[in-house]
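Undergrad: Let me begin by handing over the structure; questions about it come next.
The values are calculated or read from the model by the stated rules, or taken from the named source; none is laboratory data. Being a predicted model, the structure only gives us computed values, none of them experimental. For neighbour counting, all protein chains shown are included, and Cβ atoms are generated from backbone atoms with ideal geometry for every residue, glycine included.
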Amino acid sequence: MAEQEKRFDDVCAWTDSCALAGAMAFFAAWQDAVVIVNGPMWCYYFALRCVEHGVSDAARRTGCTQLDNDAIVFGAEDYLLEALQPYIAEPPRLLAIVSSCAAGLIGDDVAAIARSAGIAAPVIAVGSSGLAGSFAAGWSKAACAAMEALLPEKKEEKPHGVNLLGMTAGYCNGANDVRELVRLLHLAGYEVNAVLGCGETAEEVQDLPAAALNIVVHRELGLAPAEMLSERSGTPFVAPLPPYGRAGTRRWLEAIACALPAPHEKEAQEEHSRMEREDFLRLNEIKSMWGELWFDEALVRAPSSMAWGLAKALRTEWADVRRLAVAAEEEDAADAAGIADAVFPEARTAELAQFLASMKNGLLLASSSEAAQVAPQHAQFLPVAYPVLDRIHLTDAPFMGLRGSRFIEEQLWNGHILRRQWML
Amino acid sequence: MGTEAKRVMMRRMNCSCSMPGVWRALSFVRGALVIFHSPRPCAHIAHGMDVGSFHRLRAAGAKVRLSPVPLLTSSLSDAEAIFGGEDRLRECIRFAAEKYRPQAIFIANSCVSGVIGDDTCAVAEEMEQELGLPVCAVSAHGFLDGAYYAGYLDAARVLVDRFMKPAERCAGSVVLLGDCGGFHGAYVEELCRLLGLLPLRVAGQFPSYLALSEMDVVPAAELLIVLGQRSDEKQALLVDLARHIQERFGTPYLADVYAVGSEETKEWLRAVGRLCGREWEAEEAIRAEESAFQRAVDEVRPTLAERRVTFAIGRDLDWFQPKIIMRLLKKAGVELAGVVLLDSFLPGRREVMEEEVVRLTDAPISYEGSREAEELFKTADFVLTTHELTDARLRQIFLALMPSVGWSMEKKLLRDMVHIVCRHESRGGLIYG
C-alpha cells in the first residue's frame, strides 16, 4: 500500500509543473534564445504560464507547433516547419525545441527536421514530457542538453572563478536570489563566472569551464549539470543546502571556502557579523513589546532544496515552532535531522490536508495552493513557491542570503504583529 | 514600439485538453473519484485551475472552500509508454477503491494513453466486475479528440446514463446545466437571483455540483436551464446533452436564449416564465430590473456623456459579441472614437469580426500596429479592450472572458467606465472589467 500511495495517491494538492515547463524555463531565461514547444497548445500555454512567473516576456521568445490529432497520426514535420518559419530569415542565437509527451512518443527526428528547415543557429532538441518527470527533471535535462551542444573544451581557469548551477527564475523569487548570491560571492572576493539558466545569453555556457569551482544551489536542478561539468571539464563542485537564514548563509559560504578559499573571507565575515548584531538588537526591541515569535504548527512546502533550507532556517533561527512539517521529498539525512517533525512527500496529500486542517496558530511557508486550504485567521502565510495568487512581491528582496534572511524575518514579525492586532 | 496586445498566437482551433474538462465535470461530485490515466504532472494543471478559481471567487467575496473529490493519477512513465499502461491502471483502480471506498470511479484518458493505445474502456469494464462498483472510462484522450469540452460533456453523459433515474416532477424547481464559472460564481449567483424573482428555486447545477446521491434532482426539475452565452458549435453539444436528458426523463429544457446582456435577459426571463407558467411574474421582474438599470445609467451619464472611447477587439466573434458593448456605450452617451482590430485572430476570423463591426457602427476601423490605430489609442479618453495592451500609459478597461448574466455586466461596466475616467490621465493602467 505504501508503495502504491507513493505512486498513485491523491494529487489534488499537487503543485509541481511538468518537465516541459522546466525545460522551457531553462531556455526562456536566455534573451537571445527562442523556444519552440513541440506539442499541443494546451501544454504550451500552461508551461508558458509557469515560465512567465519569472520571465515576464517569455511569450515573445517562445512558440508552439500546436499539434493536433493529425500530427500524431501522420507526424509533426509540417507543424514544426510552420512554427520554425519565422526564424529562417532571422535566426536567434540558439533555437531550442522541447517536446511534449505525445510529440515524444511519435518519434519524429525533431533535430533533423529543424536542420532541414535551414535555420542558421544551433538547434537543441529535448524530449521533456511529463513522462520524464516534473519541473526539475525537465530543467536539468535541458541544462545538460545545452551543455552537450554548446560546451567548449576546457578554458583557461580563473583562479577565483565560480559558477552557480541550478538557479531559475521559475522558482518563486529565483531571480532576486541570484542577485543576492552573486553579491555575497563578490563580497567574499569570488568572480562569478556564470549562473547557468539565469544568465542573459546562451553565450554563458561557453564560460562555464573557466570556473575553478561549481556551486550547486538547488540540487534537484543543478546536480546533473555539475556532474557533467566535473566529468567534461574536471571542475569540482559543492552542493551545500541553499543559504537561507543568517547562520545558513554563513554555513554556505564556509562550505564554498572549504573547496575554494575566499580571497576576501575576512570582509565577508565582518559584513555578516555587522548585520547579525544590528538585527539582534532590532529584533530584541520588537520582542520586548510583542513577545516571542511562536507557531503551534508550521508547514514548509516548496521545491525540495528550498523547502529543507527554509525549514532549517525557520526552526534554528527565525521562530519557535511546536510542530514543523515539510512537504517535499526527503533531503539528505544530515540536512533533515532534527528539523522536521513530519515529512509529506508529494503523494501523501491526505496527511498534508489533515495537518493543514489542524492549524490554529500556524505558519505557511508555501504556495497559494496550501493557503487555499487554511482559513487566513488560522495561519500566517508567506508565499515561497508558485502558484502565488494572493500576494504580490514587487521589490528585489530575495529569500536567500543575508538580505533574504532579513526580508523573511521582517515578513514573519510584521505578520505576527498584525495577527495580534486582529485578535483584539 | 507601437501599442500591442499581450497574447499567445494561435494557428489552429484545437487548443485544450479533455482531462481538465472531465475534472471540471466531476471535481465536486461527492462519491466520485477521478483517475487521470496520465503522467502525474498532468494533474497540476487541473489542480492549478481549481486553485485559481478558488482565489478568484474569494477575491469576488464568495465564501468557498477548496474541497474537491480525490484525484489520482496512474502515473504513466517511460516504461508504460513502451510496454503499455493497462496493468498500471488496474493497480491504480484497485488502490483507489481500497483506500477511498468511492461510490464510483471515473477514468480520464491522457494523450499518452491514446498514443500508446491502452484500452481503458475494457479495463474499466473488467475492474467494475472485479470490484463491484461503477468504473467508467471517459472516451476522449487528452487533446487528441475533442479537447476540454468533449471531456466535460462525456463525463456529464456518463453521469446521466449511469446515475440518474426517473423521478417525480418537483414544481418550482429548476436545474442549471453547464458551468459558467461554477455554482459560487457571479454568473450563477445572479441567475439564481433572477430566477428567485419568478419565483423559482434552483435545485442544483449539473454536472459538477451535485453528489452522486443527488442526481435525481435533474430528472425531477420543472425546467433544465442551459447555461451559456450564445448558440454556437460548442454550445450545441451542451444542448444535445439537455435533449438527451429530456429524451430519457422528460425534463423540459431552455436553450434557445441566454441571459447575457440586458435585451437578451428580458427574452430569457419571458421564456422561463412561459415554460414554467409564470408569465406575469416574468414581466414584473423585467420591469423592476429595467428600472433599476435605468437609474444606474442616469447616475453615470453626466460623468460619461461625450467621453471618447477606442474599442480594441482581438477575440473571436464566437466568443465575444461587440453589440452588447456598443449598445451600452450609446445608452451612456459615450462616443465611440474607433475600433482597433488586434492581431490575435485565427486566419480569416478578423474579417468576420470586421464585418460584424461594420454592421454595428460607422466609427473608423483600423488594425493593430497601424498609425491610425496608434492615433485612436492616443486620442481616446480610455480604451475598452479584449486583450491587455502593453502600453502602460493607456487607460484601459479589460473586457473579461467570463460571460455576465442579466444586467450585471452592463452595470459593472458603467461603474468601471466612471472609475477609469476619474483616474488621472497620467496614471494610465488597466482595470479588469
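Undergrad: Restricting attention to the stretch A:45-70, which residues are part of a helix (DSSP H, G or I) and either at the interface with chain B (Cβ under 8 Å from one of its Cβ atoms) or under 24 Å from A:Ile392 (Cβ atoms) (or both)?
TA: Scanning the stretch A:45-70 gives A:Tyr45, A:Phe46, A:Ala47, A:Leu48, A:Arg49, A:Cys50, A:Val51, A:Glu52, A:Ala58, A:Ala59, A:Arg60, A:Asn69.
Undergrad: Right, another one. Given the conditions (1) in contact (Cβ under 8 Å) with a residue 40 or more places away in the chain; (2) within 14 Å of another protein chain (Cβ to nearest Cβ); (3) within 27 Å of A:Asp279 (Cβ to Cβ), report the number of the one that A:Phe381 does not fulfil.
TA: Unmet for A:Phe381, out of (1) in contact (Cβ under 8 Å) with a residue 40 or more places away in the chain; (2) within 14 Å of another protein chain (Cβ to nearest Cβ); (3) within 27 Å of A:Asp279 (Cβ to Cβ): (1).
Undergrad: Check the stretch B:130-153 and report whether any residue there is facing chain A (nearest Cβ under 8 Å), under 23 Å from the mean Cα position of the chain (by Cα) and at pLDDT 90 or above.
TA: Checked against the condition, which is being facing chain A (nearest Cβ under 8 Å), under 23 Å from the mean Cα position of the chain (by Cα) and at pLDDT 90 or above, the stretch B:130-153 yields no hits at all.
Undergrad: Do we have any residue at all in the stretch A:340-353 that's within 18 Å of the chain's Cα centre (by Cα), within 12 Å of chain B (Cβ to nearest Cβ), closer than 24 Å to B:Val51 by Cα and crowded, with 18+ Cβ neighbours inside 10 Å?
TA: yes
Undergrad: Inspect the stretch A:238-257 for any residue being under 21 Å from A:Val178 (Cβ atoms), free of Cβ contacts under 8 Å to residues at least 60 places away in the same chain and of a type in the set (Phe, Trp, Tyr) and give the result as yes or no.
TA: yes
Undergrad: Would you check if there is a residue in the stretch B:94-111 being β-branched (Val, Ile, Thr) and either without any contact (Cβ under 8 Å) to a residue 24 or more places away in the chain or within 11 Å of chain A (Cβ to nearest Cβ) (or both)?
TA: no
Undergrad: Hey, another quick one. Does A:Leu314 satisfy the criteria of being crowded, with 21+ Cβ neighbours inside 10 Å, in the same structural domain as A:Ala211 (by TED's automatic domain parsing) and part of a helix (DSSP H, G or I)?
TA: For A:Leu314, the condition - crowded, with 21+ Cβ neighbours inside 10 Å, in the same structural domain as A:Ala211 (by TED's automatic domain parsing) and part of a helix (DSSP H, G or I) - is not met.
Undergrad: Taking the stretch B:320-375 on its own, how many of its residues are of a type in the set (Phe, Trp, Tyr) and either touching a Pro at 6+ places or on another chain (Cβ under 7 Å) or under 16 Å from B:Glu410 (Cα atoms) (or both)?
TA: The number of residues fulfilling the criteria is 1.
Undergrad: I would also like to ask the following. Could you list, in sequence order, all residues of the stretch A:349-367 that are closer than 22 Å to A:Trp318 by Cα and assigned to a helix (DSSP H, G or I)?
TA: Matches in the stretch A:349-367: A:Phe355, A:Leu356.
Undergrad: Also: Residue by residue through the stretch A:181-206, note down the ones that are within 28 Å of A:Lys266 (Cα to Cα), touching a strand residue (DSSP E or B) at 6+ places or on another chain (Cβ under 8 Å) and part of a helix (DSSP H, G or I).
TA: Correct list: A:Leu181, A:Val182, A:Leu185, A:His186.
Undergrad: Something else now. Among all residue pairs at least 6 apart or on different chains, which show Cβ distances below 7 Å where the first residue, located in the stretch B:323-335, is outside the structural domain of B:Gly261 (by TED's automatic domain parsing) and under 12 Å from B:Val309 (Cα atoms) and the second is among the basic types (Lys, Arg) and surrounded by 19 or more Cβ atoms within 10 Å (Cβ to Cβ)?
TA: As it stands, the answer is B:Val334/B:Arg307; B:Glu335/B:Arg307, since those pairs meet every condition given.
Undergrad: Condition first: at the interface with chain A (Cβ under 7 Å from one of its Cβ atoms), farther than 17 Å from A:Arg348 by Cα and in contact with an Asp or Glu (Cβ under 9 Å, 6 or more places away or on another chain). Now tell me which residues in the stretch B:50-75 satisfy that.
TA: Within the stretch B:50-75, B:His55, B:Leu66 qualify.
Here is a yes/no grid of residues against (1) of a type outside the set (A, V, I, L, M, F, W, C); (2) in a loop (DSSP other than H, G, I, E, B); (3) at pLDDT below 85; (4) not assigned by TED's automatic domain parsing to the domain that holds B:Ala373:
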position	(1), (2), (3), (4)
B:Ala392	no, yes, yes, no
B:Pro403	yes, yes, yes, no
B:Leu414	no, no, no, no
B:Val418	no, no, no, no
B:Val421	no, no, no, no
B:Glu425	yes, yes, yes, no
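Undergrad: Quick one: how many residues across the stretch A:383-424 are outside any helix (DSSP H, G or I) and basic (Lys, Arg)?
TA: Of the residues in the stretch A:383-424, 1 are outside any helix (DSSP H, G or I) and basic (Lys, Arg).
Quick grid of which residues meet (1) in contact with a Lys or Arg (Cβ under 6 Å, 6 or more places away or on another chain); (2) of a type outside the set (Val, Ile, Thr); (3) farther than 16 Å from B:Val174 by Cβ; (4) in contact (Cβ under 8 Å) with a residue 60 or more places away in the chain:
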{"position": "B:Pro207", "(1), (2), (3), (4)": "no, yes, no, yes"}
{"position": "B:Ala221", "(1), (2), (3), (4)": "no, yes, no, no"}
{"position": "B:Val226", "(1), (2), (3), (4)": "no, no, no, no"}
{"position": "B:Val239", "(1), (2), (3), (4)": "no, no, yes, no"}
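Undergrad: Right, next: Among the residues of the stretch B:381-390, which ones are in a loop (DSSP other than H, G, I, E, B) and either modelled with pLDDT of 95 or more or out of contact with any Ser or Thr (no Cβ under 8 Å at 6 or more places or on another chain) (or both)?
TA: Residues satisfying the conditions are B:Asp381, B:Thr386, B:Glu388.
Undergrad: If you go through the stretch A:251-268 one residue at a time, how many are at pLDDT below 95 and crowded, with 17+ Cβ neighbours inside 10 Å?
TA: So the answer is 1.
Undergrad: Check whether at least one residue in the stretch A:375-382 is more than 30 Å from B:Leu72 (Cα to Cα) and either at pLDDT below 95 or in contact with a strand residue (DSSP E or B) (Cβ under 9 Å, 6 or more places away or on another chain) (or both), and report yes or no.
TA: Scanning the stretch A:375-382, I find at least one residue that is more than 30 Å from B:Leu72 (Cα to Cα) and either at pLDDT below 95 or in contact with a strand residue (DSSP E or B) (Cβ under 9 Å, 6 or more places away or on another chain) (or both), so the answer is yes.
Undergrad: So which of B:Arg11, B:Arg24 ends up being out of contact with any His (no Cβ under 6 Å at 6 or more places or on another chain), charged (D, E, K, R) and modelled with pLDDT under 85?
TA: Step by step, each of B:Arg11, B:Arg24 is checked, and only B:Arg11 is out of contact with any His (no Cβ under 6 Å at 6 or more places or on another chain), charged (D, E, K, R) and modelled with pLDDT under 85.
Undergrad: So, one more: Taking the conditions exactly as written (more than 8 Å from chain A (Cβ to nearest Cβ) and either touching a Leu at 6+ places or on another chain (Cβ under 8 Å) or not hydroxyl-bearing (Ser, Thr, Tyr) (or both)), does B:Ile82 satisfy them or not?
TA: yes
Undergrad: Then there's this: Do you know which of the residues in the stretch A:80-118 that are within 13 Å of chain B (Cβ to nearest Cβ) and in contact with a Ser or Thr (Cβ under 7 Å, 6 or more places away or on another chain) is surrounded by the fewest Cβ atoms within 10 Å (Cβ to Cβ)?
TA: The extreme case among them is A:Ala83.
Undergrad: Moving to a separate point now. Given the structure, is A:Ala25 at pLDDT below 90 and more than 9 Å from chain B (Cβ to nearest Cβ)?
TA: Answer is no for this residue.
Undergrad: Please go through (1) buried (at least 19 other Cβ atoms within 10 Å of the Cβ); (2) over 29 Å from the mean Cα position of the chain (by Cα); (3) within 11 Å of chain A (Cβ to nearest Cβ) for B:His44 and return the number of the only condition it doesn't satisfy.
TA: For B:His44, the exception is condition (2).
Rundown of residues vs (1) closer than 21 Å to A:Pro242 by Cβ; (2) crowded, with 23+ Cβ neighbours inside 10 Å, yes/no style:
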site: A:Ser140; (1), (2): yes, yes
site: A:Glu148; (1), (2): no, no
site: A:Glu156; (1), (2): no, no
site: A:Pro159; (1), (2): no, no
site: A:Asn163; (1), (2): yes, yes
site: A:Thr168; (1), (2): yes, yes
site: A:Arg183; (1), (2): yes, no
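Undergrad: A further question follows. Any residue that is out of contact with any Ser or Thr (no Cβ under 9 Å at 6 or more places or on another chain) and closer than 26 Å to A:Phe46 by Cα - is there at least one of those in the stretch A:400-417?
TA: no
Undergrad: I'd like the residue in the stretch B:160-202 that is within 15 Å of B:Leu223 (Cβ to Cβ) and among the basic types (Lys, Arg) and, out of all such residues, is modelled with the lowest pLDDT.
TA: Looking at residues that are within 15 Å of B:Leu223 (Cβ to Cβ) and among the basic types (Lys, Arg), I get B:Arg169.
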